[in-house]
1. Within segment 280-304, track down each residue that is of a type outside the set (A, V, I, L, M), under 24 Å from G89 (Cα atoms) and surrounded by 13 or more Cβ atoms within 10 Å (Cβ to Cβ).
2. Identify, from the list Q143, Q116, the residue that is out of contact with any Ser or Thr (no Cβ under 7 Å at 6 or more places or on another chain) and within 16 Å of ligand 2 (Cβ to nearest atom).
3. Could you check how many residues of segment 234-281 are among the acidic types (D, E) and either in a strand (DSSP E or B) or modelled with pLDDT under 90 (or both)?
4. All but one of (1) part of a helix (DSSP H, G or I); (2) over 20 Å from A132 (Cβ atoms) hold for E185; state the number of the condition that does not hold.
5. Take segment 214-245 and flag every residue that is closer than 15 Å to V94 by Cα and either within 16 Å of ligand 1 (Cβ to nearest atom) or surrounded by fewer than 17 Cβ atoms within 10 Å (Cβ to Cβ) (or both).
6. Tell me, which strands (runs of 3 or more DSSP E) lie completely within segment 75-129 with 2 or more residues that are more than 18 Å from L261 (Cβ to Cβ) and more than 9 Å from ligand 1 (Cβ to nearest atom)?
Amino acid sequence: MAGLDPAIRNSARSLDARIKSGHDKGGEWSRRPVEGIGRWLLAADVPEVQAVTEGSTAATVVEIRDLSLVFQTGDGPVAALADIDLAIGRGEFVSFIGPSGCGKTTLLRVIADLEQPTGGTIVVNGVSPNEARLARAYGYVFQAPALYPWRNVARNVTLPLEIIGFDPGLRAARAAKYLAMVGLEGFERKFPWQLSGGMQQRVSIARALGFEPDLLLMDEPFGALDEITRDRLNEQLLRLHEATGKTVVFVTHSIAEAVFLSSRIVVMSPRPGRIVETIDSDLARGRTLDARESPRFLDIAHKVRAALRAGHSYDD
Ligand SMILES: Nc1ncnc2c1ncn2[C@@H]1O[C@H](COP(=O)(O)OP(=O)(O)OP(=O)(O)O)[C@@H](O)[C@H]1O
Ligand SMILES: [Mg+2]
């Protein structure tokens, strides 16, 4: 982390501290979903690890074996995850779906090295989650956009690139490319508070894409949006996945969203989160929202609902 501009380091640290202290609670700054953003942004550039991950072309990007996680709380232990076995292949679009509190975010945060498992093993891009984070092997889209209100849109997107030490020309080119990809060209100089919630979320997607990670972790990125905006962003995300071949791990509550986007859907049980079933989806590439009315789509959605029921997600 030597060589990092102290002002950038301090502002990212203070964001985490403000979130942790509850100072930024409420509204767009609700506490839990953005906890860890400073840690993600500040991941140091470690050349030897970078080489490992860049050279890693293994077919399996995430490999999880017999993983469990128990949180120690003031009210006693909380078992959040149990018996998780999962392998995610390069280029897959995998969704985690399950009832509120079943451990979807926790599992995503374990992959991102923002939570530590208490049992089992996990490998990300051929290395530990910690090494993968330090090597910036993944981009993370938090449930709340978590943008810096005092930085304009372009400078929010370029923040991780400033931390890595990219030169200004390359930073500007990346911001322009990825803001255009999420349909926000012309908004570079606006501030987050001048944008709608959907536009802010698109800025945070552009930020996660900006350093061109092969792995994209997305925690209910469209959960707070209206249905029309969500539909449009679902289509954009699918096009992006088809165009880039990135591996995407996506958390959602929505059966329709999971089926529309995913190549594989991981259905989780209520806490402690276990994998009830993984369901393959073979909907055609280049599909549009109309695919949601096709018999194949309805068939896969039915399987997901049945697996949720089998996992007791609908029980009181
Ligand atoms: N830092 C923590 N300390 C203690 N318990 C936690 C912590 N983080 C999560 N939990 C608990 O672990 C369980 C799983 O939480 P998690 O946020 O992963 O659920 P989720 O499936 O993402 O839910 P939602 O769909 O509502 O976002 C919950 O019971 C939650 O209260
Ligand atoms: Mg969650």
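The values are calculated or read from the model by the stated rules, or taken from the named source; none is laboratory data. This is a predicted model, so every value here is computed, not measured. When we count neighbours, we look across all protein chains shown, and the Cβ atoms used for this are built from the backbone with ideal geometry, even at glycine.
1. S281, R287, R296, F297, K303
2. Values: Q116 fails: within 16 Å of ligand 2 (Cβ to nearest atom).
Residue meeting the stated conditions: Q143.
3. Narrowing segment 234-281 to residues among the acidic types (D, E): 235, 242, 257, 277, 280.
When the remaining residues are screened for being either in a strand (DSSP E or B) or modelled with pLDDT under 90 (or both), the result is 277, 280.
Selection size over segment 234-281: 2.
4. It is condition (1) that E185 fails.
5. As a first pass, look at segment 214-245 and keep what is closer than 15 Å to V94 by Cα: 214-221, 234, 237-238, 240-242, 245.
Once the filter is applied, which keeps residues that are closer than 15 Å to V94 by Cα and either within 16 Å of ligand 1 (Cβ to nearest atom) or surrounded by fewer than 17 Cβ atoms within 10 Å (Cβ to Cβ) (or both), segment 214-245 yields L217, M218, D219, E220, P221, E242, G245.
6. On the way: elements: 76-89, 93-97, 119-124.
Strands (runs of 3 or more DSSP E) meeting the threshold: 76-89, 119-124.
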